[in-house]
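Inspection log for the structure reproduced underneath, given as structure tokens.
Where a number appears in this text, it was derived from the coordinates with a stated rule and is not lab data. What you see is a predicted model, and the numbers here were worked out from it, not measured in a lab. Virtual Cβ from ideal backbone geometry, glycine too; neighbours counted across all protein chains shown.
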Amino acid sequence: MELVRTFQEARNRHLGTVALVPTMGFFHEGHLALMKSARSTADTVVVSIFVNPLQFNDPADLDRYPRDLERDFVMAEASGVNVMFAPPLEEMFANPPTTRVVVGAVADRMEGPRRPGHFDGVATVVAKLFAGLQPHSAYFGRKDAQQLVVVKSLVDDLSFPVTVIPHSTVRESDGLALSSRNVFLSPDDRPGALLLSKGLLAAAALAESGQRRAEVLKEAVRSTLTPLEVEYVELASQDRADVLEELDKPAFLAAAVRVGSVRLIDNVALDVIGGEVVADRGIRLEKPSVLYNQGPSDAAPV
Ligand code: AMP
């Protein structure tokens with residue numbers, strides 16, 4: 001595997017079909033699952049690492065975001081990645097950018113209003129990665145369900161010739177969705193953090209057994225989250241991220257909470273297969289993830 005810093009260097013290493021896995025680094029098994037899926041479908045797998053300042057609304061969150069390029073290099077190489085693209089800020093934004101992507105109504109609910117400018121920042125950087133790296137396909141996690149809708153809309157609206165491939169959420173054996181920010185959870189935070197997946201999975205079981213009313217499903221989540229500071233619980237469509245009253249099309253049930261100093265998001269996709277609702281409960285690890293052994297103090301700035 002080669003580490004490259006410019007779009008040109010990355011493109012020079014493309015052979016055959018190219019799959020891109022865009023990330024902000026500090027890898028865990030969720031990222032690695034995306035890389036391994038990409039490996040099984042494309043000739044060249046490129047993973048990008050860029051902690052995108054445009055998508056952080058809280059400068060403290062940007063500052064403390066875990067970074068460790070050497071650690072990431074070893075993990076990506078072992079997952080069959082060919083090219084690691086880790087551009088410096090100047091490669092992404094040589095001059096202060098005057099052109100940006102503005103995301104439409106898909107950003108109006110849930111994460112959008114709580115993180116102003118976040119999805120515009122995500123879409124701007126994803127558009128740059130698509131234009132600069134010219135992948136045939138790009139892998140995104142269902143963990144960030146609304147982001148997935150934003151990226152699919154970006155591709156449709158601006159006609160990027162890229163196939164977006166979603167990947168199920170990878171979870172700890174206890175159900176907690178993997179996230180690089182989990183390194184900030186203290187042992188005392190863990191029981192509270194677990195309630196998020198617990199509530200969502202309980203509601204998913206209700207949906208599978210025929211419950212279609214959003215209010216009932218959301219209440220099942222809320223009642224589990226009672227001890228936590230809850231930002232939102234919503235049922236939204238997979239195609240436009242519209243908030244739904246009834247589960248009458250492919251949807252996702254999503255929630256955001258605060259546990260200790262950490263903001264956590266999670267969701268369960270409710271797919272409709274042959275007229276039946278089928279929940280994507282994600283993939284459970286059998287043993288603790290790499291994040292469990294990695295405290296925030298191990299995450300050195302690049
Ligand atoms: P991030 O580095 O957090 O921006 O994530 C990079 C990509 O990995 C995004 O497409 C995420 O949705 C995906 N991802 C993050 N966590 C998980 C997870 N637990 N399972 C599956 N995909 C994930």
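Listing for the model above:
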read-out: Pairwise FRET efficiency - ILE165 versus ARG13, Cβ, R0 = 25 Å, nearest 0.05; value: 0.75
read-out: Within the range 254-292, backbone nitrogen closer than 18 Å to the virtual label 7 Å beyond the Cα of ALA78 toward Cβ; value: 285-292
read-out: Net +/- balance of residues flanking VAL278 in space, Cβ distance below 11 Å, scoring K and R +1, D and E -1; value: -3
read-out: Most positive-pole-ward Cα, VAL230, ALA279, GLY260, against dipole of the range 217-302 from beta carbon charges; value: GLY260
read-out: Placed amide H near VAL278: partners under 5 Å, 5+ positions off or other chain; value: ASP271, VAL272, ILE273
read-out: Cut-off under 5 Å, modelled amide H: who pairs with GLY141 long-range; value: HIS167
read-out: Burial order of peptide ranges 239-245, 205-211, 284-290, 134-140 (average beta-carbon count within 10 Å, highest first); value: 134-140, 239-245, 205-211, 284-290
read-out: Chymotrypsin sites (Phe, Trp or Tyr not before Pro) restricted to DSSP loop in the range 1-110 with at most 16 other C-beta within 10 Å; value: PHE93
read-out: Tail weight of P(r) past 32 Å, computed on alpha-carbon pairs of the chain, percent; value: 24 percent
read-out: Hz values of 3J(HN,Hα) by residue in the range 284-289 - Karplus curve (6.51, -1.76, 1.60), Gly and Pro given as x; value: 8, 6, 7, 10, x, 5
read-out: For GLU231, distant residues with modelled amide H under 5 Å away; value: ALA256, VAL257, ARG258
read-out: The range 18-124: relative contact order as a whole-number percent, Cα under 8 Å and 6+ apart; value: 32 percent
read-out: Simple spin-label estimate for SER209 and VAL290 in nanometres, 7 Å along Cα-Cβ; value: 3.9 nm
read-out: Percentage relative contact order, the chain, counting C-alpha pairs under 8 Å, at least six apart; value: 19 percent
read-out: Under the Karplus curve 6.51 cos²θ - 1.76 cosθ + 1.60, θ = phi - 60°, whole-Hz ³J(HN,Hα) for the range 173-186, x wherever Gly or Pro sits; value: 5, 8, x, 4, 5, 5, 7, 4, 6, 4, 5, 8, 6, 7
read-out: Under 12 Å from LYS218, Cα to Cα: aspartates and glutamates that are on another chain or at least 8 residues apart; value: GLU234, GLU245, GLU246
read-out: Counted charge near GLY112, where neighbours are those whose Cβ lies closer than 13 Å (Asp, Glu -1; Lys, Arg +1); value: -3
read-out: Hz values of 3J(HN,Hα) by residue in the range 70-87 - Karplus curve (6.51, -1.76, 1.60), Gly and Pro given as x; value: 5, 4, 4, 4, 4, 5, 5, 4, 5, 9, x, 6, 8, 9, 9, 9, 10, x
